[in-house]
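Q: Quick one: this structure, given as C-alpha cells, is what I'll be asking you about.
What follows draws every value from the coordinates through simple rules; no lab data is involved. Fair warning: this is a prediction, and the values are worked out from it, not measured in the lab. Ideal geometry is used to build each Cβ from the backbone, glycine not excepted, and the neighbour counts take in all protein chains shown.
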Amino acid sequence: MQRREFILGALGTGVVSSSVVELISAVSSSALASEAGPTIPYGAAIRVDHLTDDPDYAAAVRKYCQQVVGEGGLKWIDLRPTQSSFNFDQPDRLLAFADENGMTMRGHTLVWYAAMPEWTEGIGSRSEAEFEMVHHIEVVAGRYRGRIPSWDVVNEPIADDPPQADPYRDSVWYRQLGKEYIDLAFQTAAAVDPAAQLVLNDFNFEKTNARSKKRRTVMLDLLKGLKDRDVPIHALGLQGHLTGEAEIDKDGLSRFVEEVSGLGLDILVTELDVIDNNLPGTETVRDQIAALRVRDYLTAICDATQPKAILTWGISDRYTWVPIWFERRDGKLNRPLPLDQNYQPKAMMQVLQEFTKAGA
Ligand code: G3I
C-alpha cells in the first residue's frame, strides 16, 4: 500500500497503529531543501507586536522568510480609526523589520468587505463610496509607493457559494458601485504605483466539491472580464486555507491555474495553512496529513506554473487565526502552520522548502 494511502487511511479509522508511526518517520525524511537559494520566495503573515515581545518568533521569521505580509495593520479597521485619520503604525513597523532583514513586504489589503471600521457603515451613496475607496488607495498605496511591491488590491470579491445570477460578495463597495468597483480599485492602484504587482486574492478553489468547482468558474469569468476591459491586474492570489480532511482536486486546480496563466496572469499562494479541526488528535498523524495536503496543493499549482511567491498565513501554531472559527472538539491546539508552537519545523516546513528552495 502506498504510504500516502496508509497515512490518509489513518484519517478514516482515527486509530493510529504503531506501523503508521514507523511509516511517518520514513515519510518525514523527505529530500531536504538544496543549499541553493530560494527559487520561489517563501513568506508568512506577521503579527507585528510579536516581533518585539517574542524574540523566538522574530528569529523564526528571520530564519525562514524572504517575504512578510501583515496579518493585520493594512486593513481598514486597523488603518482608519476615523473617516479623517490614518494610523500607519503597524505597517510602518513591519516595513522597517522587512527592510532591516532584506525581506520584501506584501500589502494586505486595500479593498475588502470585512474588517471595516464602524464609520464606513455611513457610506451611503455612489459618490461617497467612490471618493472613500479612491482616496484610501491613493493615500495608502501612495505612502508605500516603491516600498511595498505587491498588493492584494481586492480581497475575496466572490460570494462563498456564488449564485449563478449574482456571484459577487456583498460589500459597501459592491452595493454602491456594482462589480466595477473592482476595475476602479485596480485602476487607482496602478495610477498610484505603476510598478506594483496588483493582485486579486480569494480562497477555496482546490476542493473536489461543487462549491470549489463553481468558484473556479466564477473567478475565471471575473478575471477574463477584467482582462477584456484592460484592467491593470497582474496576478491571482490563491489563499490556500486548506481543509485537512478534504482531498485536493489536483486535476481541477491544475487546469484552473493553467487557464488563469493563459490570461497572462501570475499566481501567488498568499495565505497557506491547513484547518485541522476535523483531523485525528494524534499530532504526528495530523502533521503528516497536513503536509500531504500542502504537497498535493503545491504540486497541482506548480504542475501548471511557477508561483511568484508562497506565503503561509502565520508561521507558528502559537499564533494562528484558525481556532477563532475552527477550534478542535478535543481541546487540543490546532496545528495549521509549518512550525509548531515552540518554533520547531514540522513535515509541512520540509514540503515548503522542497517547493521554494529547490523549485517545484
Ligand atoms: O487586536 C484586537 C484586540 O485588542 C482585542 O482584544 C481582540 C478581541 O476582540 O480582537 C483583536 O483584533 C482581532 C484581530 O484579528 C487581531 O488579532 C480581531 O478581533 C479579529 O477579527 C482579527 O481577525 C483577523 C481576520 O482576518 C479579520 O481581520 C485574523 O487575525 C486574520 O488571520 C484574518 O485573516 C484573513 C485574511 O485577512 C483574509 N483571508 C482570510 C484570513 C483568515 O480569516
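Q: Only Lys, Arg, Asp and Glu count, each charged at its Cβ (+1, +1, -1, -1), so figure out the dipole size of the chain about its Cα centre, rounded to 20 debye.
A: 520 debye
Q: Mind checking which lysines have their Cα closer than 16 Å to the Cα of Lys308? Skip sequence neighbours fewer than 8 apart in that chain.
A: Filter leaves Lys357.
Q: Given only helices, namely DSSP H runs of n ≥ 4 each adding -39500 (n - 2.57), what is the per-residue ellipticity at 222 nm of the chain, to the nearest 500 deg cm²/dmol?
A: Mean residue ellipticity, 222 nm, calculated: -13500 deg cm²/dmol.
Q: With the crude spin-label approximation of a point 7 Å out along Cα→Cβ, what separation in nm comes out for Asn278 versus Arg126?
A: 4.3 nm
Q: Please say if segment 107-217 is rounded, prolate or oblate, where rounded means a/c under 1.5 for a ≥ b ≥ c the square roots of the C-alpha gyration tensor eigenvalues, and otherwise the choice is prolate for a/b larger than b/c and oblate otherwise?
A: Since a/c reaches 1.5 but b/c is at least a/b, the shape of segment 107-217 is classed as oblate.
Q: Which lysines does Lys332 reach when only Cα atoms under 19 Å apart count, and residues fewer than 8 places away in its own chain are ignored?
A: Leaving aside lysines fewer than 8 places away in the same chain, those within reach of Lys332 are Lys346.
Q: Work from the charge dipole of the chain (Cβ charges, +1 for Lys and Arg, -1 for Asp and Glu, about the Cα centre) and give the residue of Pro307, Leu74, Thr104 farthest towards its positive end.
A: Going by the Cα projections, it comes out as Pro307.
Q: Further, regarding this structure: With each pseudo-label sitting 7 Å past Cα toward Cβ, what's the Ile324-Lys227 distance in nm, one decimal?
A: The two pseudo-label positions are separated by 3.3 nm.
Q: Right, here's the next one. FRET efficiency for Ala191 and Lys63, Cβ-Cβ distance as r, R0 = 30 Å, nearest 0.05?
A: 0.20
Q: Explain nothing, just the number: relative contact order of the chain, from Cα pairs under 8 Å at least 6 residues apart, as a whole percent.
A: Here the relative contact order equals 20 percent.
Q: Taking the dipole about the Cα centre of segment 168-236, with the C-beta of Lys and Arg at +1 and of Asp and Glu at -1, give me whichever of Ser212, Val172, Ala189 is farthest to the positive side.
A: Highest projection toward the positive end goes to Ser212.
Q: If you place +1 on the Cβ of every Lys and Arg, -1 on the Cβ of every Asp and Glu, and leave all else neutral, what size is the dipole of segment 41-100 about its Cα centre, to the nearest 20 Debye?
A: Computed about the Cα centre, the dipole is about 200 debye.
Q: Quick one: work out the % antiparallel among DSSP beta bridges in segment 218-360, nearest 5.
A: In segment 218-360, approximately 10 percent of DSSP beta bridges are antiparallel ones.
Q: Something else now. Of the DSSP beta bridges with both residues in the chain, give the percent that are antiparallel, rounding to the nearest 5.
A: Among the beta bridges of the chain, antiparallel pairing accounts for roughly 10 percent.
Q: Describe numerically, in nm with one decimal, the distance between label points set 7 Å from Cα along Cα→Cβ at Trp119 and at Arg175.
A: It is 1.9 nm.
Q: Just the number, please: Stokes-Einstein D of segment 312-360 in µm²/s, Kirkwood Rh from C-alpha pairs, 4 °C, 1.567 mPa s.
A: 112 µm²/s
Q: Still on this structure, I have one more. List Leu272, Leu222 from most exposed to least, where exposure is judged by having the fewest other Cβ atoms within 10 Å.
A: Leu222, Leu272
Q: Pick out which of Ile77, Ile315, Ile324 has the largest mean-square fluctuation in a Gaussian network model of the chain, springs linking Cα atoms closer than 10 Å.
A: Comparing Ile77, Ile315, Ile324 in a Gaussian network model of the chain, the most mobile one is Ile324.
Q: Given the options Asn334, Asn342, Asn201, state which has the largest fluctuation in a GNM of the chain using a 10 Å cut-off (strictly under) for Cα springs.
A: Comparing Asn334, Asn342, Asn201 in the GNM, the peak value goes to Asn342.
Q: Would you mind ranking Thr312, Thr120, Thr39 by Cβ crowding within 10 Å, fewest neighbours first?
A: Ordered by Cβ neighbours within 10 Å, fewest first: Thr39, Thr120, Thr312.
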